[in-house]
Amino acid sequence: MPSTPLTEYRVKARNTSVHGENAIHDDAVAKQYGFRGGLVPGVTVYGYMTHPLARDFGTAWLERGTATVRFLKPVLDGEEMITTGAVTARDAGGVGLTLTAVTAATPECATMTATVPAGRPTPVNLNLYGRAPLPVERPAATREHLKSLSVLGTPVTLYDEARAAEYLGGINDPLPLYRGADGWVHPGFYLDQANRAIDRNVKMGPWIHVGSVIRHLGPARMGDTLSTLGKVRSLFDKKDREFVEVDLVIVAARGPSASPRPVAHILHTAIYRLPPPA
């Protein structure tokens, strides 16, 4: 079938972690590692890229859609980022899509494939994901320590109107479906919590999020408490960079006595140790 374009989305990128712990978002440090400046976080780039999906497919994608995103080249603070995409497949099983993010300086910053399945998502087995307290003192992110972790400490966040306003203001997403007392949790916030599942468990130097695979498993709304359950799935190295892939399930609950319900399954990959700058 001929491809059908999605609504183009243009946004002025913002380095939402310029004052955070990860020094790769600092201009001076990033330049030491060969970048043009501090990196706009991958989770923020992903948040921008979800806009055409949420605008054109609405809650169908938010409730049961999937995405696989790869970050290829940095986006810098203040650059205009343009996301384009197209429907590449449509059949009884659902809709397939591809998206690309570009800036004037970089022809391909990130790529994404996505689906809007016709049926319900395949459930996860929550018995395979434990819950543990976050460490009071984070150990250094070494291969030995990460390999020893059978369960990651569990970040817990109340996504109330104040938290939603802070997040949506940071990424400047204007869609109304994320606002109001019954607003949906922004899908970019899931990857923000995936980052917290790494950096609240171990202490790292400059580190880089390189890609994620996301499956939406059900709705999460304003007022839900989100818990990110996870474990280390793999560790590997490439070109003197050390990578970690974590396997995460985000569950949502409304109130202290409510049973948690899975809302997202994420495979999240990051370079947790870079070679020393030249």
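Put simply, the amide H of residue 75, placed in the peptide plane, has neighbours under 5 Å in 40, leaving out anything fewer than 5 places away on its chain. Overall shape: oblate for segment 73-129, with the ratio a/c of the largest to smallest alpha carbon gyration tensor axis at 1.5 or above and b/c at least equal to a/b. Rounded, prolate or oblate, given the Cα gyration tensor of segment 121-278, with a/c below 1.5 counting as rounded? Here segment 121-278 falls in the prolate category. Put simply, when 246-253, 114-121 are sorted by average Cβ atoms within 10 angstrom per residue, most first, you get 246-253, 114-121. For a straight C-alpha distance cut-off of 26 angstrom, the lysines reachable from residue 31 (same-chain residues fewer than eight places away being disregarded) are 12, 73, 203, 238, 239. Once you have a ≥ b ≥ c as the square roots of the Cα gyration tensor eigenvalues for segment 38-161, tell me rounded if a/c is under 1.5, and otherwise prolate or oblate according to whether a/b is larger than b/c. Cα axes put segment 38-161 in the oblate bin. Across segment 12-25, coupling constants 3J(HN,Hα) worked out from phi with the 6.51/-1.76/1.60 Karplus curve, θ = phi - 60°, read 7, 5, 10, 6, 6, 10, 4, 9, x, 6, 6, 6, 5, 8 Hz, and Gly and Pro carry x. Coupling constants for segment 148-164 follow from the phi torsions by the Karplus curve (6.51 cos²θ - 1.76 cosθ + 1.60, θ = phi - 60°), and in residue order they are 7, 7, 7, 9, 7, x, 9, x, 10, 9, 7, 8, 9, 5, 5, 5, 5 Hz; glycine and proline get x.
Listed peptides 10-20, 47-57 appear in the order 47-57, 10-20 once ranked by packing, highest mean of other Cβ atoms within 10 Å at the front. The Kirkwood hydrodynamic radius of segment 96-174, based on inverse pair distances between different Cα atoms, is 17.8 Å. Over the chain, how many percent of alpha carbon pairs lie in each 10 Å bin up to the one with the longest distance? Taking every Cα pair in the chain, the percentages come to 7, 29, 37, 23, 5, 0. Listed values for segment 80-86 are Karplus-derived 3J(HN,Hα) couplings in whole Hz (6.51 cos²θ - 1.76 cosθ + 1.60, θ = phi - 60°), namely 7, 9, 10, 10, 10, x, 7, and x replaces Gly and Pro. Counted residue by residue at 0.36 nm each, then reduced by the alpha carbon distance between them, the extension gain from residue 12 to residue 150 reaches 45.7 nm.
At full extension, residue 134 and residue 239 could sit 34.7 nm farther apart than now, given 0.36 nm per residue minus the alpha carbon distance. Near residue 154, the amide H atoms lying under 5 Å from its own belong to 132, 134; only residues 5 or more places off or on other chains count, and H is placed 1.01 Å from N.
Only the coordinates and a few stated rules stand behind these numbers; no lab work does. It should be emphasised that the depicted structure is a prediction, and the values quoted were computed from it without experimental measurement. Methodologically, a virtual Cβ is constructed for each residue, glycine included, from the backbone with ideal geometry; neighbour enumeration extends over all protein chains shown.
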